[in-house]
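Engineer: Here's a structure for you.
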Amino acid sequence: SNKPLMIIHHLEDCPHSQALKKTFAEHKDIQKLAEKFILLNLVYETTDKNLAPDGQYVPRILFIDPSLTVRADITGRYSNRLYAYEPSDVALLYSNMQKALKLLKTEL
């Protein structure tokens, strides 16, 4: 489909995951942009090291390009948890979604 893949790791009993989920759902611009992605919600932890490149924490959001490569150049603001986002990071998440779409168009 030539859409980038956005993998969202979260857990039902994690307050941080639930807070990010609520913010994500309420952000109209993110919801509109999300239609241009293949979204995969993982509500359990994976043993696949490719999906936990810097550790198994939640919530974490990975952008995957069509070659199935995790985009290490699209990260959150935390140096110790590269793919972590908090509700206060919603503007960065939106910007990273735009970046993922732009990179996809320029690299294909």
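The values are calculated or read from the model by the stated rules, or taken from the named source; none is laboratory data. None of these values were measured; they are calculated from a predicted model. Don't worry about glycine lacking a Cβ; one is built from the backbone with ideal geometry, like all the others, and counts go over all protein chains shown. To get the accessible areas, we keep the full protein, side chains included, count just its heavy atoms, and leave off ligands, DNA and RNA. Shrake-Rupley method; radii C 1.70, N 1.55, O 1.52, S 1.80 Å.
Engineer: Which pairs do you get when a residue that is basic (Lys, Arg), found in the range 10-35, comes within reach of a residue that is open to solvent by less than 30 Å² (accessible area, probe 1.4 Å), reach meaning Cβ atoms under 7 angstrom, with the pair 6+ apart or on two chains?
Structural biologist: Hits for this filter: LYS21/HIS10.
Engineer: Among the residues of the range 86-108, what is the count of those that are surrounded by fewer than 18 Cβ atoms within 10 Å (Cβ to Cβ) and under 14 Å from the mean Cα position of the chain (by Cα)? Even if it seems obvious, please write down each step before you answer.
Structural biologist: Pass one, the range 86-108, residues surrounded by fewer than 18 Cβ atoms within 10 Å (Cβ to Cβ): 86-88, 90-92, 94-95, 98-99, 101-103, 105-108.
With the extra rule that they be under 14 Å from the mean Cα position of the chain (by Cα), the set shrinks to 86-87, 90-92, 94-95, 98-99, 101.
Of the residues in the range 86-108, 10 are surrounded by fewer than 18 Cβ atoms within 10 Å (Cβ to Cβ) and under 14 Å from the mean Cα position of the chain (by Cα).
Engineer: Mind listing just one residue for me: the one in the range 1-23 that is among the β-branched types (Val, Ile, Thr) and not in a helix (DSSP H, G or I) and, of those, farthest from LEU103 (Cα to Cα)?
Structural biologist: ILE8
Engineer: To continue, here is another question. Residues in the range 24-73 that are open to solvent by 30 Å² or more (accessible area, probe 1.4 Å), under 16 Å from LYS99 (Cα atoms) and in a helix (DSSP H, G or I): how many?
Structural biologist: 3
Engineer: Restricting attention to the range 96-105, does a residue exist that is among the aliphatic types (A, V, I, L, M) and in contact with a helix residue (DSSP H, G or I) (Cβ under 8 Å, 6 or more places away or on another chain)?
Structural biologist: Within the range 96-105 (the criterion being among the aliphatic types (A, V, I, L, M) and in contact with a helix residue (DSSP H, G or I) (Cβ under 8 Å, 6 or more places away or on another chain)), the answer is yes, since at least one residue qualifies.
Engineer: Pull out all pairs, ordered by first then second residue, where Cβ-Cβ is under 8 Å, the residues are six or more apart or on different chains, the first lies in the range 74-98 and is touching a residue at least 12 places away in the same chain (Cβ under 8 Å) and within 14 Å of ASP29 (Cβ to Cβ), and the second is open to solvent by 30 Å² or more (accessible area, probe 1.4 Å) and charged (D, E, K, R).
Structural biologist: Every condition considered, the pairs that remain are LEU92/ARG77; TYR94/ASP29.
Engineer: Among the residues of the range 57-100, count how many are among the acidic types (Asp, Glu) and within 20 Å of HIS16 (Cα to Cα).
Structural biologist: Matching residues across the range 57-100 total 2.
Engineer: Let me ask something additional. Considering only residues that are surrounded by 12 or more Cβ atoms within 10 Å (Cβ to Cβ) and at pLDDT below 90, look in the range 1-23 and name the one that is farthest from LEU82 (Cα to Cα).
Structural biologist: Across the range 1-23, the extreme among qualifying residues is LYS3.
Engineer: Same structure, new question: Name the one entry in TYR78, TYR83 that is under 22 Å from PRO15 (Cβ atoms), aromatic (Phe, Trp, Tyr) and buried (at least 18 other Cβ atoms within 10 Å of the Cβ).
Structural biologist: Answer to the check: TYR83.
Engineer: Take THR75 and decide whether it is under 25 Å from ASN2 (Cβ atoms), within 10 Å of the chain's Cα centre (by Cα) and among the β-branched types (Val, Ile, Thr).
Structural biologist: yes
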